[in-house]
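Asks: Following this message is one structure expressed as structure tokens.
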Amino acid sequence: MLIFECPYCGVHAEETEFSPGGEAHLKRFGPGSDDTDFERYLFMRENPKGVHFERWRHVNGCGKWFNAARCTMTLEVFGTYGAQTFEPPQDLKDKITAKRPGWSWRDFS
Amino acid sequence: MLDPLTGIEAMHFDGYVTVSQTDPLGMITVRGNFASKPFANALKKAIGIDFPGLRQITLADTSMVAWMSPDELLILSTWEDKTNLMDAIQKALGKKHALVVDVSDARRTFTLAGPNVREVIAKLAPVDITPGVFEPGEIRRTRFGQVAAAFWLVSQEEAKVICFRSVGDYMFKQLKAAATPGSELDIWN
């Protein structure tokens with residue numbers, strides 16, 4: 001059971017109040033883009049053992065989308081942050097580094 | 001009172017907590033940028049109540065304002081007042097960018113009353129409702145069983161639950177089951 005804190009309404013709630021939205025920080029490559037980029041955008045997903053970044057929606061609450069960092073192995077939630085960002089905030093990255101030294105995920109580490 | 005839309009007698013159940021369908025309320029959803037001063041001031045003037053803080057509900061005599069999300073407020077009034085209130089809000093906001101919708105017909109409201117009211121909610125919603133953690137003045141949007149709902153405590157022995165009309169029957173049945181005499185847990189009493 002995952003317990004998230006919604007960054008918009010501040011509620012600490014368990015995962016049945018939220019709905020998962022797949023991987024976070026995907027950059028869209030639409031019509032006219034390179035085939036390799038398009039394929040990567042559409043199909044290629046991370047499947048890490050350890051630190052992972054995901055999108056979640058507070059569907060039975062304020063209805064807002066947000067990003068969350070969690071560990072796929074221990075189900076520990078490192079933190080949540082707003083969806084209007086291109087990468088996780090530095091303090092969250094530091095927190096993950098303290099707990100999982102040497103982690104990396106896509107271009108972040 | 002008969003339901004104004006269906007003409008059916010309001011639902012009522014006397015368990016160890018009384019579950020009853022509340023007289024229909026006027027409900028108006030307002031979405032907009034509440035950080036914008038002109039917008040917020042115009043709206044405040046129209047409804048005559050201060051805005052609630054994060055996850056709070058402002059209780060006044062006949063009308064209430066509930067915090068729904070960072071850009072959404074729910075204004076509750078009596079069924080009779082809602083049309084006037086709606087007009088007043090629309091007039092006050094003028095051409096400011098906002099969404100103002102009368103959602104009264106979309107909702108059904110229940111009142112739970114009895115000393116064990118917290119317990120009935122705790123059985124259905126994944127919310128920490130321990131005295132001291134959740135108190136009157138706070139509104140919580142969550143789920144009850146399998147449906148989305150919002151609730152708040154009017155006092156230590158009374159709570160209100162709002163859900164969509166389409167799931168009102170399901171909501172009544174599960175509240176009834178949770179309030180069945182003999183199923184008391186007596187955690188907090």
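The values are calculated or read from the model by the stated rules, or taken from the named source; none is laboratory data. Given the structure is predicted, the values throughout are model-derived calculations rather than measurements. Using ideal geometry, Cβ is built from the backbone for each residue, glycine included, and neighbour counts are taken over all protein chains shown. Surface accessibility is based on the protein's heavy atoms, side chains included, excluding ligands, DNA and RNA. Shrake-Rupley method; radii C 1.70, N 1.55, O 1.52, S 1.80 Å.
Residue-by-condition table, conditions (1) outside any loop (DSSP other than H, G, I, E, B); (2) open to solvent by less than 50 Å² (accessible area, probe 1.4 Å):
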position	(1), (2)
B:122	yes, yes
B:126	no, yes
B:134	no, yes
B:148	yes, yes
B:162	yes, yes
B:166	yes, no
B:171	yes, yes
B:187	no, no
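Asks: So which residues in segment B:53-102 are within 14 Å of chain A (Cβ to nearest Cβ), assigned to a loop (DSSP other than H, G, I, E, B) and within 17 Å of residue B:152 (Cβ to Cβ), if there are any at all? Working first, answer last.
Replies: Going through segment B:53-102, the residues within 14 Å of chain A (Cβ to nearest Cβ) turn out to be B:53-57, B:66-74, B:99.
Pick out the ones that are also assigned to a loop (DSSP other than H, G, I, E, B) and you get B:53-55, B:70-71.
Within segment B:53-102, B:53, B:54, B:55 meet the criteria.
Residue by residue, here is whether (1) closer than 20 Å to residue A:76 by Cβ; (2) touching a residue at least 24 places away in the same chain (Cβ under 8 Å) holds:
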position: A:6; (1), (2): yes, yes
position: A:9; (1), (2): no, yes
position: A:24; (1), (2): yes, yes
position: A:30; (1), (2): no, no
position: A:34; (1), (2): no, no
position: A:47; (1), (2): yes, no
position: A:50; (1), (2): yes, yes
position: A:55; (1), (2): yes, yes
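Asks: Could you tell me whether segment B:45-63 includes any residue that is under 24 Å from residue A:12 (Cα atoms), exposed (fewer than 13 other Cβ atoms within 10 Å of the Cβ) and without any contact (Cβ under 8 Å) to a residue 60 or more places away in the chain?
Replies: Looking for residues that are under 24 Å from residue A:12 (Cα atoms), exposed (fewer than 13 other Cβ atoms within 10 Å of the Cβ) and without any contact (Cβ under 8 Å) to a residue 60 or more places away in the chain, one finds at least one in segment B:45-63, hence yes.
Asks: In this structure, is residue B:78 surrounded by 15 or more Cβ atoms within 10 Å (Cβ to Cβ), under 30 Å from residue B:172 (Cβ atoms) and hydroxyl-bearing (Ser, Thr, Tyr)?
Replies: Here the answer is no, as residue B:78 does not meet what is asked.
Asks: In addition: For segment A:41-58, how many residues are within 14 Å of chain B (Cβ to nearest Cβ) and either open to solvent by 40 Å² or more (accessible area, probe 1.4 Å) or not in a loop (DSSP other than H, G, I, E, B) (or both)?
Replies: Qualifying residue count, segment A:41-58: 1.
Asks: I would also like to ask the following. Out of A:108, A:18, A:38, A:78, I need the residue that is over 16 Å from the mean Cα position of the chain (by Cα) and either away from chain B (no Cβ under 14 Å) or under 30 Å from residue B:140 (Cβ atoms) (or both). Which one? Outline the logic, then answer.
Replies: Working: A:108 fails: over 16 Å from the mean Cα position of the chain (by Cα); A:18 fails: over 16 Å from the mean Cα position of the chain (by Cα); A:78 fails: over 16 Å from the mean Cα position of the chain (by Cα).
Checking each option against the conditions leaves just A:38.
Asks: Also, I was wondering about something else. Here is a check on your reading of the model: is residue B:138 touching a strand residue (DSSP E or B) at 6+ places or on another chain (Cβ under 7 Å) and closer than 29 Å to residue B:33 by Cβ? Walk me through how you get there before you give the answer.
Replies: Working: touching a strand residue (DSSP E or B) at 6+ places or on another chain (Cβ under 7 Å): yes; closer than 29 Å to residue B:33 by Cβ: yes.
Yes, satisfied.
Asks: Quick one: count up the residues across segment B:137-175 that are within 14 Å of chain A (Cβ to nearest Cβ) and in contact with a Leu (Cβ under 7 Å, 6 or more places away or on another chain).
Replies: Of the residues in segment B:137-175, 3 are within 14 Å of chain A (Cβ to nearest Cβ) and in contact with a Leu (Cβ under 7 Å, 6 or more places away or on another chain).
Asks: Among the listed residues A:30, A:61, which satisfies the condition of being open to solvent by less than 30 Å² (accessible area, probe 1.4 Å), assigned to a loop (DSSP other than H, G, I, E, B), modelled with pLDDT under 95 and more than 14 Å from chain B (Cβ to nearest Cβ)? Show your work before the answer.
Replies: Working: A:61 fails: more than 14 Å from chain B (Cβ to nearest Cβ).
None of the others qualify; the one that does is A:30.
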